[in-house]
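The values are calculated or read from the model by the stated rules, or taken from the named source; none is laboratory data. Just so you know, these numbers come straight off a predicted model, no measurement behind them. FYI the Cβ positions are ideal-geometry reconstructions off the backbone, even for glycines, and counts take in every protein chain you see. Surface accessibility is based on the protein's heavy atoms, side chains included, excluding ligands, DNA and RNA. Shrake-Rupley method; radii C 1.70, N 1.55, O 1.52, S 1.80 Å.
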Amino acid sequence: MPANRFNAFTDYGVGIGLRVPHYDHILSQKPVVDWFEIISENYMVGGGHALKVLDQILDQYRVVQHGVSMYFGSAQPLNREHLRRLKELTKRTNTPWLSDHLCWGSVDGRYTHDLLPLPYTFEAIRATAARIREVQDFLEIPIAVENVSSYAEFHESEMTEWEFLNEVVHAADCGILLDVNNIYVSSQNHGFDPMEYVNAVAPDRVAQIHIAGHSKFERYTLDTHDHPVLDPVWKLYARAIERVGPTATLLEWDDNIPTFDEVHAEALKANRYRPEGNADALPLPMEEREEVEA
């Protein structure tokens with residue numbers, strides 16, 4: 001089940017994001033890493049240092065592309081020039097699948113550079129699925145859409161977020177990038193059971209999983225990606241892996257970035273919960289084992 005048509009039948013393990021502070025370490029030390037995720041927009045350029053580094057990475061590692069500006073839920077037409085450059089990059093990286101967010105973020109050509117939640121309506125399903133299909137047909141590789149963390153809801157919504165996600169990916173015939181940290185963050189902000197969300201997602205469409213750290217404030221929880229994964233997110237990840245199998249997993253760490261070894265060690269903790277295991281992963285403490293089993 002984890003190797004499916006939505007991730008091009010690949011069998012990737014645990015990866016981390018390719019980030020500038022780690023370039024020199026990776027190129028000089030050549031650490032053993034299952035795969036790297038890159039932010040597509042950082043490399044959609046005609047040349048320069050970033051592309052030079054990427055080509056060196058591609059010589060040694062598997063890479064998967066992740067986007068932050070497709071805005072599948074926006075009402076304006078797709079940017080054809082953006083798609084053209086994106087397709088050029090997919091050919092360069094040979095990414096097996098490409099992911100971006102189930103959100104909107106642009107109006108009349110103006111970009112908010114934020115991942116804004118959609119109203120969970122049947123009209124939004126039809127419009128969003130049509131855009132995903134158009135992108136997937138143009139790029140000629142599988143697309144996986146990611147659930148976003150949210151801090152506001154729409155009165156117009158006609159269903160839950162997980163129902164909306166399932167309906168969109170069915171209508172678009174695409175995959176899911178299941179971000180369990182985003183599920184937890186949104187559940188704290190909106191008062192739903194995050195485990196109900198994980199249990200409801202169509203397991204046969206999950207192409208990839210994201211894990212990350214978040215920050216809890218007095219009135220809201222924020223998706224910060226600036227420290228290790230917290231216990232409730234690991235519990236959701238454990239349940240997700242139980243349902244979907246050992247799916248390609250990516251640790252996001254995008255602010256206050258520590259050393260490469262620290263980030264990689266945090267990512268490898270995911271192997272505690274994956275059926276095939278990994279000798280590099282830390283053993284699961286007995287109290288955590290009991291909580292997961294419960």
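Things to note:
- Computed about the Cα centre, the dipole magnitude for the chain is approximately 960 debye when only Lys and Arg (+1) and Asp and Glu (-1) carry charge, each at its Cβ.
- Of all accessible heavy-atom area on the chain, the percent that carbon and sulfur account for (1.4 Å): 50 percent
- Rounded to 5, percent antiparallel among DSSP beta bridges of the chain: 15 percent
- Computed E for L27/E163 - FRET, C-beta separation, R0 41 angstrom, nearest 0.05: 0.35
- Solvent-accessible area per residue in the chain equals 46 Å², computed with a 1.4 angstrom probe and all protein chains kept.
- In straight-distance terms, cross-link reach from K235 covers every one of the lysines whose alpha-carbon lies under 24 Å from its own, apart from those fewer than eight places away in the same chain; here that gives K216, K269.
- Length gained on full extension, F192 to T121, computed as 0.36 nm times the residue gap minus the Cα-Cα distance: 23.7 nm.
- The length gained on full extension between S215 and D173, counted as 0.36 nm times the residue separation minus their Cα-Cα distance, comes to 11.7 nm.
- Label of the coordinate-derived value, Cα extents along the principal axes in Å, listed as [x] 49, 48, 38; [y] 72, 72, 39; [z] 82, 62, 33: [x]
- Calculated mean residue ellipticity, 222 nm, the chain: -11500 deg cm²/dmol, from DSSP H runs (n ≥ 4) at -39500 (n - 2.57) each, averaged per residue and rounded to 500.
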